[in-house]
1. Quick one: which residue in 43, 83 is without any contact (Cβ under 8 Å) to a residue 60 or more places away in the chain and within 13 Å of the chain's Cα centre (by Cα)?
2. Within segment 58-70, count every residue that is under 25 Å from residue 107 (Cα atoms) and modelled with pLDDT of 80 or more.
3. Tell me which residues, restricted to segment 41-59, are surrounded by 15 or more Cβ atoms within 10 Å (Cβ to Cβ) and part of a strand (DSSP E or B).
4. Go through (1) part of a helix (DSSP H, G or I); (2) touching a helix residue (DSSP H, G or I) at 6+ places or on another chain (Cβ under 7 Å); (3) at pLDDT below 85 one by one and return the number of the condition residue 79 breaks.
5. Output the number of the condition that residue 94 fails; it satisfies all remaining conditions of (1) surrounded by 18 or more Cβ atoms within 10 Å (Cβ to Cβ); (2) assigned to a helix (DSSP H, G or I); (3) in contact with a helix residue (DSSP H, G or I) (Cβ under 7 Å, 6 or more places away or on another chain).
6. Any residue that is under 19 Å from residue 133 (Cα atoms), surrounded by fewer than 13 Cβ atoms within 10 Å (Cβ to Cβ), modelled with pLDDT of 80 or more and more than 11 Å from the chain's Cα centre (by Cα) - is there at least one of those in segment 3-26?
7. Among (1) touching a strand residue (DSSP E or B) at 6+ places or on another chain (Cβ under 9 Å); (2) modelled with pLDDT of 80 or more, there is one condition residue 73 misses while meeting the rest; what is its number?
8. So for segment 102-113 (the condition being over 14 Å from residue 132 (Cα atoms), under 15 Å from the mean Cα position of the chain (by Cα) and loosely packed, with under 14 Cβ neighbours inside 10 Å), does at least one residue qualify?
């Protein structure tokens, strides 16, 4: 359920390719990314907390790392990379907005984005990494 909501939000925000991995296997291979792709990369958490509230259970996934990435050429000028980073930051804003308006999650607070630098993956990509703790609103009666 969470994966499909994240995929929809990333696609609506402007990502053209969505990739998933567990946080223990995190890594992008260059043959999965085209030069023109804007990649929404979902690094799924390995932890889930069941938070008991009144007569229900709230699932807390902490955290998902969502990366908004694009491939760059190694010889590209730093100024061009800054322009690309700015456009990827706008896509990240649109992604967060899509999560907020979906009303599927408890309050989403401030998110501190971290730059993804060219040397993180083999694919020579840059972008933004967003650690997001998602509290999915799905109340169930006690078992």
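1. After ruling out the rest, the residue left standing is 43.
2. 6
3. 41, 42, 43, 44, 57, 58, 59
4. The failed condition is (2).
5. (1)
6. Looking for residues that are under 19 Å from residue 133 (Cα atoms), surrounded by fewer than 13 Cβ atoms within 10 Å (Cβ to Cβ), modelled with pLDDT of 80 or more and more than 11 Å from the chain's Cα centre (by Cα), one finds at least one in segment 3-26, hence yes.
7. That leaves (1) as the condition not met.
8. No, that holds for no residue.
The values are calculated or read from the model by the stated rules, or taken from the named source; none is laboratory data. On a predicted model such as this, the values are computed, not experimentally measured, just so you know. For neighbour counting, all protein chains shown are included, and Cβ atoms are generated from backbone atoms with ideal geometry for every residue, glycine included.
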